[in-house]
Amino acid sequence: MKPEEVLEMAKKKGAKVVDLRFMDFPGVWQHFTVPIRELEASSFEDGFGFDGSSIRGWQPIHASDMLVIPDAGTAKMDPFFAEPTLVLIGNIVDPVTREPYSRDPRHIARKAEAYLKSTGIGDTAYIGPEAEFFIFDDIRFKSGSNGAFYEIDSIEGTWNTGREECPNLGYKPRPKEGYFPVPPMDKFQDLRTEMLLVLESLGIDIEAQHHEVATAGQSEIDMRFKPLLEMGDQLVWFKYVLKNVAARNGHTVTFMPKPLYGDNGSGMHTHISIWKKNKPLFAGNKYAGVSQEALYGIGGILKHCRALCAFTNPTTNSYKRLVPGFEAPVNLAYSSRNRSAAIRIPMYSTSPKSKRIEFRTPDPSCNGYIAFSAILMAVLDGIQNKLDPGDPLDKDIYNLPPEELAQVPSAPGSLEDALTALSEDKAFLMKGDVFTQDVLDMWIDYKTNKEINDVKLRPHPHEFYLYFDI
């Protein structure tokens with residue numbers, strides 16, 4: 001839409017206020033609201049001011065003023081607020097120089113799309129994420145100097161099989177058996193359908209919804225693939241909708257990758273394909289029906305995966321899921337159909353349009369704008385440098401003999417390892433100024449000092465179990 005069309009839409013929908021939204025550095029949606037009279041055609045150039053020093057990982061206090069410039073093409077009506085509210089996603093700019101802000105995640109995604117076009121390799125990168133999540137009935141946690149705990153409750157929790165529920169009717173899925181029996185074992189069919197319908201009402205195309213492998217309401221709702229920037233916008237809407245639909249039904253949703261011990265964590269298998277002039281670049285006559293460019297793209301992801309994990313698996317909790325020997329795709333290999341490899345080539349369809357790379361290592365705690373951009377940059381580096389991914393691994397990786405498994409590289413074992421890999425392998429991200437040195441430095445500094453060190457310094461509850469009587 002053009003600005004004039006947005007103003008007409010607001011009038012037609014009876015919008016009383018405008019909610020301006022943008023993504024902070026770690027990956028949480030932020031917003032503030034202005035009366036509808038404040039929105040004019042000139043607002044789409046002049047923007048709205050806010051305090052950038054209060055946003056995590058952004059401006060210092062002595063240079064705090066920032067502008068958010070609304071993008072007319074993102075206009076939607078909020079489905080949850082009591083008063084009719086027009087929502088606009090914005091781009092962040094410096095109010096003095098009017099230059100786009102380097103640490104704005106959406107700006108990074110815009111630069112990644114521009115860089116793709118500048119290479120001549122393709123003109124569109126399509127992204128399709130499968131963001132898994134948990135639905136809990138109650139969550140309590142505390143982290144203090146003299147105590148820490150968390151406690152999760154779910155109507156599906158296997159720990160509740162003996163609970164008095166007046167009455168307890170049973171039907172609790174066993175660990176790793178949530179994929180995917182019908183109700184009454186599946187307690188969240190109606191809730192997921194409500195989520196699906198709200199997403200569709202916002203123009204977000206959904207392919208399927210279902211229960212996932214873990215207990216305690218683990219679920220998945222799949223969005224149809226879209227261009228990179230558009231999918232970045234959709235992913236923040238996706239998380240927002242799921243959390244709010246759950247909240248109004250007395251539940252809570254988390255995209256934390258590993259909240260439960262002893263059951264599957266949540267991943268975000270990310271599909272990527274590159275197109276040029278409406279033709280799929282990844283379809284061909286090589287292995288599994290893909291092109292040489294697709295194989296080179298796989299080579300790029302495998303080469304840079306350890307650095308990519310700093311963005312695609314950006315929390316200390318991410319590496320509770322990425323543990324060798326379990327089901328998470330930590331092994332840096334590729335295959336058709338084989339879900340134990342980090343990269344899979346889906347074989348559901350023979351159509352050239354369906355040929356894509358599925359990168360299975362990422363998880364839904366990531367900032368989509370940044371993670372999708374980093375994945376694209378790795379794929380492009382593979383194509384540009386003709387990186388051979390080697391032979392596919394079509395065996396069950398988890399049943400390989402130890403000597404054979406030792407030959408398969410692995411994803412990082414911790415966020416600290418991933419950040420170290422990023423500091424050593426960053427040139428591919430900096431092509432076309434997509435990721436600047438400032439962004440990389442701040443990411444490493446923020447994650448190290450605000451997350452890694454904070455977790456390192458705290459005693460773990462299980463350490464008391466193991467060591468109190470030592």
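The values are calculated or read from the model by the stated rules, or taken from the named source; none is laboratory data. What you see is a predicted model, and the numbers here were worked out from it, not measured in a lab. Every residue, glycine among them, receives a Cβ derived from its backbone with ideal geometry; neighbour counts consider all protein chains shown. Ligands, DNA and RNA are excluded from the accessible area calculation, which covers all protein heavy atoms including side chains. Shrake-Rupley method; radii C 1.70, N 1.55, O 1.52, S 1.80 Å.
So here's what we get for this one:
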read-out	value
Selection from region 181-237 of residues that are over 18 Å from the mean Cα position of the chain (by Cα) and polar (S, T, N, Q)	Gln189, Thr193, Ser201, Thr215
Scan of region 57-67 for residues that are of a type outside the set (S, T, N, Q), under 28 Å from the mean Cα position of the chain (by Cα) and surrounded by 13 or more Cβ atoms within 10 Å (Cβ to Cβ), ordered by number	Gly57, Trp58, Met66, Leu67
Members of region 336-369 found to be outside any loop (DSSP other than H, G, I, E, B), open to solvent by less than 20 Å² (accessible area, probe 1.4 Å) and not aromatic (Phe, Trp, Tyr), listed by number	Ile343, Arg344, Ile345, Ile357, Glu358, Gly368
Whichever residue in region 151-177 is without any contact (Cβ under 8 Å) to a residue 60 or more places away in the chain and under 26 Å from the mean Cα position of the chain (by Cα) and, among such residues, is farthest from Lys239 (Cα to Cα)	Glu177
Residues of region 105-156 satisfying the condition of being open to solvent by less than 70 Å² (accessible area, probe 1.4 Å), part of a strand (DSSP E or B) and farther than 27 Å from Lys187 by Cβ	Thr124, Ala125, Tyr126, Ile127, Gly128, Ala148
Cβ-Cβ under 9 Å pairs, at least 6 apart or on other chains, region 445-465 side in contact (Cβ under 8 Å) with a residue 40 or more places away in the chain, far side of a type in the set (Phe, Trp, Tyr)	Tyr446/Phe25; Pro461/Phe149; Pro461/Tyr150
Residue in region 237-254 that is farthest from Phe80 (Cα to Cα), counting only those that are open to solvent by 10 Å² or more (accessible area, probe 1.4 Å) and touching a strand residue (DSSP E or B) at 6+ places or on another chain (Cβ under 7 Å)	Thr254
Some residue of region 362-371 being touching a helix residue (DSSP H, G or I) at 6+ places or on another chain (Cβ under 6 Å), under 17 Å from Met231 (Cβ atoms), touching a residue at least 40 places away in the same chain (Cβ under 8 Å) and among the aliphatic types (A, V, I, L, M)	yes
Filter result (of a type outside the set (A, V, I, L, M) and either in a loop (DSSP other than H, G, I, E, B) or touching a strand residue (DSSP E or B) at 6+ places or on another chain (Cβ under 6 Å) (or both)) within region 66-85	Pro70, Asp71, Thr74, Lys76, Asp78, Pro79, Phe80, Phe81, Glu83, Pro84, Thr85
Residues located in region 293-340, provided they are under 17 Å from Leu376 (Cβ atoms), more than 21 Å from the chain's Cα centre (by Cα) and among the hydroxyl-bearing types (Ser, Thr, Tyr)	Tyr296
Which listed residue, of Asp433, Asp441, Asp445, is among the acidic types (Asp, Glu) and on the phi > 0 side of the Ramachandran plot	Asp433
Leading residue by the ranking (most open to solvent (accessible area, probe 1.4 Å)) among those in region 272-292 that are of a type in the set (Ser, Thr, Tyr) and over 25 Å from the mean Cα position of the chain (by Cα)	Tyr287
Residues satisfying the stated conditions in region 32-56, i.e. touching a residue at least 40 places away in the same chain (Cβ under 8 Å) and either assigned to a strand (DSSP E or B) or under 27 Å from the mean Cα position of the chain (by Cα) (or both)	Thr33, Phe48, Gly49, Gly52, Arg56
Residue in region 384-401 that is touching a helix residue (DSSP H, G or I) at 6+ places or on another chain (Cβ under 6 Å), on the phi > 0 side of the Ramachandran plot, assigned to a loop (DSSP other than H, G, I, E, B) and open to solvent by 20 Å² or more (accessible area, probe 1.4 Å) present	yes
Among the residues listed as His269, His211, the single one being touching a strand residue (DSSP E or B) at 6+ places or on another chain (Cβ under 9 Å) and open to solvent by 20 Å² or more (accessible area, probe 1.4 Å)	His269
Matching residues in region 409-440 - criterion: being farther than 21 Å from Tyr115 by Cα, open to solvent by 30 Å² or more (accessible area, probe 1.4 Å) and part of a helix (DSSP H, G or I)	Glu416, Asp417, Thr420, Ser423, Glu424
